[in-house]
1. Give the shape of region 1-54 as rounded, prolate or oblate, defined through the alpha-carbon gyration tensor: a ≥ b ≥ c are the square roots of its eigenvalues, a/c under 1.5 means rounded, and otherwise the shape is prolate if a/b is larger than b/c and oblate if not.
2. With r defined as the distance between the Cβ atoms of residue 133 and residue 87 and R0 fixed at 35 Å, what FRET efficiency is calculated, to the nearest 0.05?
3. Suppose each label sits 7 Å from its Cα in the direction of the beta carbon; what would the residue 213-residue 119 distance come out to in nanometres?
4. Looking at the chain as a GNM with Cα springs under 10 Å, which of 202, 12, 155 has the largest mean-square fluctuation?
5. Given points 7 Å out from each Cα along the Cα-Cβ axis, report the residue 180 to residue 8 separation in nanometres with one decimal.
6. How many nm separate the modelled label positions at residue 15 and residue 225, each set 7 Å beyond the Cα in the direction of the Cβ?
7. For a footprinting-style exposure proxy, rank 88, 71 by other Cβ within 10 Å, fewest first.
8. Taking only Cα atoms and a 10 Å spring cutoff, compute GNM fluctuations for the chain and point out the largest among 54, 24, 150.
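Derivation of every value follows stated rules applied to the coordinates shown; laboratory data play no part. As the structure is a prediction and not an experimental result, all values here were calculated from the model. Note: ideal-geometry Cβ built from the backbone for every residue, glycine included; neighbour counts use all protein chains shown.
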């Protein structure tokens, strides 16, 4: 099993930097409140100075969505959607300790962070352009088929685990009560992407290690080294 971005994704977005983290031994009853509070404080500080739409990380994803033919104010990156909700409500809903912990650095760094239950992923997981016959399951259980050439996270059996790249994950591989093994992916396109993604992955790995008493594996991917073997 491995994770990678397809070569044409790197060709279209050479500024991309991606961080990946693989963790085993995940379970629900842990406390991550202190870690979340630290990340949320950083997010509040950034939002006090400017809105999420003005952040360079968000602007870079808006430009990418426009290049993909998507209206960036209709289809937002996951980090922008979280920041908008956090700014309006002052907090994010608690779903599962790991999801909550991944959402927190996403708003602190304004970088999309996806987390997948690997027991639901068949073979490799690749960020690639859709053929158009892939299957995507919404959180409400409905079946969709990504549009042809849409950037998706797809596994070996043609199941789409995220649509419109960083816009929306699938309910099929979402982390839940039975999840034990996960892959976390953080992606950025702004000028400081590599530095910021590296910091995000390091801080998230440290928080996961402390909360679950495990040793997650991580790597930073780029065009010269695009693959992470799981």
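1. Because a/c hits 1.5 or more and a/b fails to exceed b/c, region 1-54 counts as oblate.
2. E between residue 133 and residue 87, to the nearest 0.05, is 0.35.
3. Placing both labels 7 Å beyond Cα along the Cβ direction yields 2.1 nm.
4. Residue with maximal mean-square fluctuation among 202, 12, 155: 12.
5. 3.9
6. For residue 15 paired with residue 225, the spin-label model returns 2.4 nm.
7. The most exposed by this proxy come first: 88, 71.
8. 54
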